[in-house]
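Report on one structure; see the data block that follows.
The values are calculated or read from the model by the stated rules, or taken from the named source; none is laboratory data. Bear in mind the structure is a predicted one, so any value in this text is a computation, not a measurement. Here the Cβ positions follow ideal geometry from the backbone for every residue, glycine too, while neighbour counts run over all protein chains shown. All accessible areas refer to the heavy atoms of the entire protein, side chains included, with ligands and DNA or RNA removed. Shrake-Rupley method; radii C 1.70, N 1.55, O 1.52, S 1.80 Å.
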Amino acid sequence: MKQIGLAAIGECMLELSASQNDAWRMGIAGDTLNTLWALRALLPDARCDYVTAFGDDHFSQRQKAFLDENGIGTASSPVIPGARPGLYAITLDGVERSFTYWRSDSAARQLASSPAALEKSLSGLRLAYVSGITLAILDEPARRTLIDALGKARDGGTVIAFDPNYRARLWTSRDYAQQEISAALAVSDIVLPTFPDEQELFGDTTPEATMQRIAGAGVAEIVVKNGTEDALILFDGKVGTSPASRAEGAVDTTGAGDAFNGGYLAARMKGTEAPAAARHAHNTAAAVVCVRGALAPFDLLRTAFGGGAATSVA
């Protein structure tokens with residue numbers, strides 16, 4: 001059987017997460033990488049690549065080594081001399097989190113610096129995944145290059161999955177974000193929005209309104225996430241819901257939505273229909289909130305995806 005190829009496109013960042021006694025633990029994460037991490041865990045026979053741009057410093061080399069150690073390639077991602085990774089710190093209030101970022105000169109902002117390399121990275125894939133954060137960190141010409149490359153990949157048979165993942169601080173205006181995210185919807189097959197984000201960006205009053213608006217853009221498969229509330233699903237012309245899973249001993253909600261996306265897309269790549277895929281996705285998200293930081297151990301993700309209980313891992 002031919003190995004399937006999967007890729008996520010975005011920013012691989014250094015992550016500082018609070019530990020005990022005011023210590024900080026460094027990891028590597030980023031919204032689209034978090035989703036690819038779950039895909040890598042749940043589809044171990046797939047070829048997984050993270051498409052970004054790296055610097056040539058020590059921390060960039062550590063990022064690439066970390067990805068390689070965990071079976072994630074980097075396709076034709078460019079190395080930018082003198083550039084470095086972005087950095088963020090997670091501050092917790094109970095299990096809820098807030099973030100502080102240092103990313104203005106992140107190497108990933110140049111991930112579309114070579115259109116030929118980007119097109120090569122996306123060639124021949126079964127699935128390519130991108131987010132609104134990926135769009136937001138790029139300047140306008142680079143964003144056009146990325147959307148064009150996604151369109152070409154889609155024309156070649158690649159399924160394009162997109163999470164709008166709106167973060168107001170990354171955009172110059174709400175109107176501009178609406179325009180650019182709508183452009184990405186036009187080349188997407190599966191869209192995985194979060195209702196509060198869509199409410200903030202587009203003024204949607206209900207998850208149903210979010211679904212109707214995105215369906216009106218021509219998207220046939222949509223899962224509207226809504227925290228601990230039911231997810232709303234559009235698939236094969238039918239609308240359904242999927243209840244969220246409860247996690248015992250949650251310690252950190254970082255990356256839960258990204259893990260949901262990874263669980264859902266992994267199930268769909270396995271041939272699971274959308275309602276059952278959403279149940280697997282909720283289980284996967286429940287596992288991630290039981291660890292500190294955005295990346296849960298592969299074994300924990302696999303157990304949760306299959307319906308096993310997620311328990312706290314300090």
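Working only within the stretch 280-309, note down all residues that are part of a helix (DSSP H, G or I), open to solvent by 30 Å² or more (accessible area, probe 1.4 Å), within 23 Å of Ile4 (Cα to Cα) and not hydrophobic (A, V, I, L, M, F, W, C).
His280, Asp299, Arg302, Thr303
Say whether the condition of being assigned to a helix (DSSP H, G or I), farther than 26 Å from Lys152 by Cβ, of a type outside the set (Asp, Glu) and open to solvent by 10 Å² or more (accessible area, probe 1.4 Å) is met by at least one residue in the stretch 231-254.
Checked against the condition, which is being assigned to a helix (DSSP H, G or I), farther than 26 Å from Lys152 by Cβ, of a type outside the set (Asp, Glu) and open to solvent by 10 Å² or more (accessible area, probe 1.4 Å), the stretch 231-254 yields no hits at all.
Do we find a residue being of a type outside the set (A, V, I, L, M), open to solvent by less than 30 Å² (accessible area, probe 1.4 Å) and more than 21 Å from Thr158 (Cα to Cα) anywhere in the stretch 36-46?
So far as the stretch 36-46 goes, no, none of its residues is of a type outside the set (A, V, I, L, M), open to solvent by less than 30 Å² (accessible area, probe 1.4 Å) and more than 21 Å from Thr158 (Cα to Cα).
Taking the stretch 80-101, which residues are surrounded by 15 or more Cβ atoms within 10 Å (Cβ to Cβ) and either modelled with pLDDT of 90 or more or in contact with a Phe, Trp or Tyr (Cβ under 8 Å, 6 or more places away or on another chain) (or both)?
Ile80, Ala83, Arg84, Pro85, Gly86, Leu87, Tyr88, Ala89, Ile90, listed by residue number.
Which numbered condition in (1) in a helix (DSSP H, G or I); (2) under 16 Å from the mean Cα position of the chain (by Cα) is the only one that Phe162 fails?
Every condition holds for Phe162 apart from (1).
Of the residues in the stretch 262-285, how many are more than 16 Å from Leu234 (Cα to Cα), among the aliphatic types (A, V, I, L, M) and at pLDDT 95 or above?
2
For the stretch 64-91, name all the residues that are of a type in the set (Lys, Arg) and closer than 17 Å to Leu295 by Cα.
Lys64
Sort out which residues of the stretch 90-120 are out of contact with any helix residue (DSSP H, G or I) (no Cβ under 8 Å at 6 or more places or on another chain) and among the small types (Gly, Ala, Ser), and write them in order of number.
Gly94, Ser98, Ser104, Ser114, Ala116, Ala117
For (1) surrounded by fewer than 17 Cβ atoms within 10 Å (Cβ to Cβ); (2) in contact with a Phe, Trp or Tyr (Cβ under 8 Å, 6 or more places away or on another chain); (3) without any contact (Cβ under 8 Å) to a residue 40 or more places away in the chain, each residue gets a yes or a no:
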position	(1), (2), (3)
Asn21	yes, no, yes
Asn34	no, no, no
Thr74	no, yes, yes
Pro78	no, yes, yes
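Go through the stretch 127-158 and report how many residues are closer than 16 Å to Ser114 by Cβ and open to solvent by 40 Å² or more (accessible area, probe 1.4 Å).
5
Would you please list the contacts, defined by Cβ atoms under 6 Å and residues six or more apart or on different chains, that run from a residue in the stretch 295-312 that is under 14 Å from Ala259 (Cα atoms) to a residue that is hydrophobic (A, V, I, L, M, F, W, C) and modelled with pLDDT under 75?
Qualifying pairs under 6 Å: Ala304/Ala310; Ala310/Ala247; Ala310/Cys290.
Of all residues in the stretch 199-213, which are part of a helix (DSSP H, G or I), crowded, with 16+ Cβ neighbours inside 10 Å and out of contact with any Pro (no Cβ under 7 Å at 6 or more places or on another chain)?
Once the filter is applied, which keeps residues that are part of a helix (DSSP H, G or I), crowded, with 16+ Cβ neighbours inside 10 Å and out of contact with any Pro (no Cβ under 7 Å at 6 or more places or on another chain), the stretch 199-213 yields Gln199, Leu201, Phe202, Pro207, Ala209, Met211, Arg213.
Name every residue in the stretch 186-198 that is under 22 Å from Gly227 (Cβ atoms) and either open to solvent by less than 50 Å² (accessible area, probe 1.4 Å) or not in a helix (DSSP H, G or I) (or both), in order of residue number.
Listed by number, the residues that qualify are Ile190, Val191, Leu192, Pro193, Thr194, Phe195, Asp197, Glu198.
Which of the numbered conditions does Trp37 fail, given that it passes all the others? Conditions: (1) closer than 26 Å to Ile147 by Cα; (2) part of a strand (DSSP E or B).
(2)
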